[in-house]
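Trainee: Below you will find the structure I want to go over with you.
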Amino acid sequence: MFSRRIVGWCVDLTMEESLIIRAFDQATALRRPKSGLIVHSDQGGQYFGKVFQKRLDKWACRQSMAEKDNPY
């Protein structure tokens with residue numbers, strides 16, 4: 001099941017790992033997802049960061065990434 005509701009977002013001057021971690025933490029605090037959640041993103045380097053990967057592991061999320069230069 002899914003929702004079109006935005007559940008986690010953050011803005012900053014730069015696109016660093018800490019930015020997506022803040023948005024992810026906001027979303028997980030609000031929705032408390034079950035294990036197996038699929039987190040889809042592009043192949044930006046911040047999504048490969050160690051801290052973000054630990055967050056995915058903590059929530060037992062599966063990571064999905066689009067092909068390079070393809071947002072779908």
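The values are calculated or read from the model by the stated rules, or taken from the named source; none is laboratory data. Note that the structure is a prediction, hence the values are computed from the model and not measured. All Cβ positions, glycine included, derive from the backbone under ideal geometry; neighbour counts span all protein chains shown.
Trainee: Quick check on Arg55: is it part of a loop (DSSP other than H, G, I, E, B) and either without any contact (Cβ under 8 Å) to a residue 24 or more places away in the chain or among the basic types (Lys, Arg) (or both)?
Mentor: When the stated conditions are applied, Arg55 does not pass them.
Trainee: Just to be sure I understand the filter: pairs with C-beta atoms under 7 Å, separated by 6 or more residues or on different chains, first member in the stretch 10-25 and within 17 Å of Cys61 (Cα to Cα) and β-branched (Val, Ile, Thr), second member surrounded by 15 or more Cβ atoms within 10 Å (Cβ to Cβ) and at pLDDT 95 or above. Which pairs pass?
Mentor: So the pair list comes out as Ile20/Phe52; Ile21/Phe52; Ile21/Arg55.
Trainee: Moving on. Do you know which residues across the stretch 1-52 are β-branched (Val, Ile, Thr) and part of a helix (DSSP H, G or I)?
Mentor: Start the filter on the stretch 1-52 by keeping residues that are β-branched (Val, Ile, Thr), which leaves 6-7, 11, 14, 20-21, 28, 38-39, 51.
Scanning the stretch 1-52 gives Ile20, Ile21, Thr28, Val51.
For every residue, the table says whether it meets (1) surrounded by 12 or more Cβ atoms within 10 Å (Cβ to Cβ); (2) closer than 17 Å to Ser64 by Cα; (3) small (Gly, Ala, Ser); (4) more than 10 Å from the chain's Cα centre (by Cα).
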site	(1), (2), (3), (4)
Arg5	no, no, no, yes
Thr14	no, no, no, yes
Ala29	no, no, yes, yes
Lys34	no, yes, no, yes
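Trainee: Of everything in the stretch 36-65, what is surrounded by 14 or more Cβ atoms within 10 Å (Cβ to Cβ) and aliphatic (A, V, I, L, M)? Give them in sequence order.
Mentor: The answer is Leu37, Val39, Leu56, Met65.
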